[in-house]
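Heads up, the thing below is written out as structure tokens.
The values are calculated or read from the model by the stated rules, or taken from the named source; none is laboratory data. Owing to the predicted nature of the structure, the values given are computational and were not obtained by experimental measurement. Here the Cβ is made from the backbone with ideal geometry for all residues, glycine too, and neighbour counts use every protein chain on show.
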Amino acid sequence: MTPSLITFIGGGNMASAIVGGLLRQGHVAERIQIVEPWDEQRGRLAQQFPGVAVFAAADGGLQPSDLVVWAVKPQTFKDAALAAGPHLGGALHLSVAAGITSESMAGWLGTQRIVRAMPNTPALVGLGMTGLFAREGASAADRALVESVVKTTGELVWVVSERDLDAVTALSGSGPAYVFYFLEAMRDAGARMGLPADTALQLAIGTFLGASTLAQRSNEPPQVLRERVTSKGGTTYAALTAMDAAGIKASFEAALRAAQQRAEELGREFGR
């Protein structure tokens, strides 16, 4: 189930990921339109997605849409919504902006048909993870429509409370950066231990990919999988003991809570 026409407000990485996913799944390019104010980015979009209509601003030239995807930064959302809203009719609205609440969107857009999403950048390669929350005004059909679009970029989960999206933002929305951070650390440590940097990075990426796939396919919880590669007195034991002594797990939780708090702050700061 895919809508006949989708409008994207904002044409950055996340919009590009969703558009690419839709096109790979057979959605007709001519039934997608993107509003992107930056000239250079409009040019890239037109080159990347032939047939997709790209506009500099939301105006009367937009065709009526079944679904509007808001892919703008939190700090520009209100202005974009007030400018574009009058030209979007009775569409269902899907936001991928961090922090901005559905209550704020409802006030700016004058509709209750709103779904919030928190995707992540692996959506660019079809391996995204997206958390979703539907406002009460979004029907079962609306939810199904959103699922059909989001599934083109990877997996999804629904949350019952909108506040849970701040935790989703901290965990999976920002999560790819944590993985890249550890990949950097493993590459640099490997290089300092004598390996070529590119070899160390290859080993690190392969290890993350393999371990994640094993965890996905296994019926065992992560702690059991960890214990199976940790022999008392062995090399893995030495590494994990050093991490525990350094308080890595507690520091990591503190980092996620900082991201969660910032998501809440964005909603208060830019949702008025």
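Residues in the range 163-177 that are assigned to a loop (DSSP other than H, G, I, E, B) and crowded, with 16+ Cβ neighbours inside 10 Å: 174 alone. Scan the range 135-162 for residues that are among the polar types (S, T, N, Q) and surrounded by fewer than 15 Cβ atoms within 10 Å (Cβ to Cβ) and jot them down. Scanning the range 135-162 gives 139, 161. Does residue 124 count as surrounded by 17 or more Cβ atoms within 10 Å (Cβ to Cβ), in the same structural domain as residue 147 (by TED's automatic domain parsing) and without any contact (Cβ under 8 Å) to a residue 40 or more places away in the chain? Spelling it out, it is not the case that residue 124 is surrounded by 17 or more Cβ atoms within 10 Å (Cβ to Cβ), in the same structural domain as residue 147 (by TED's automatic domain parsing) and without any contact (Cβ under 8 Å) to a residue 40 or more places away in the chain. Taken over the range 189-198, the residue count meeting the criterion of being in a helix (DSSP H, G or I) and either under 29 Å from the mean Cα position of the chain (by Cα) or surrounded by 14 or more Cβ atoms within 10 Å (Cβ to Cβ) (or both) is 3.
Determine, yes or no, whether residue 180 is aromatic (Phe, Trp, Tyr) and either free of Cβ contacts under 8 Å to residues at least 24 places away in the same chain or part of a strand (DSSP E or B) (or both). Yes, satisfied.
So that you can scan it fast, the table gives a plain yes or no per residue for (1) in the same structural domain as residue 26 (by TED's automatic domain parsing); (2) out of contact with any Ser or Thr (no Cβ under 8 Å at 6 or more places or on another chain); (3) over 19 Å from residue 173 (Cα atoms):
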position	(1), (2), (3)
53	yes, yes, yes
62	yes, no, yes
71	yes, yes, no
74	yes, yes, no
80	yes, yes, yes
85	yes, yes, yes
97	yes, yes, no
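Within the range 49-79, the set of residues being surrounded by fewer than 14 Cβ atoms within 10 Å (Cβ to Cβ) and either in a loop (DSSP other than H, G, I, E, B) or free of Cβ contacts under 8 Å to residues at least 60 places away in the same chain (or both) comprises 50, 51, 56, 57, 59, 60, 61, 63, 64, 79. For the range 199-221, residues that are surrounded by 11 or more Cβ atoms within 10 Å (Cβ to Cβ), in a helix (DSSP H, G or I) and within 29 Å of the chain's Cα centre (by Cα) total 12.
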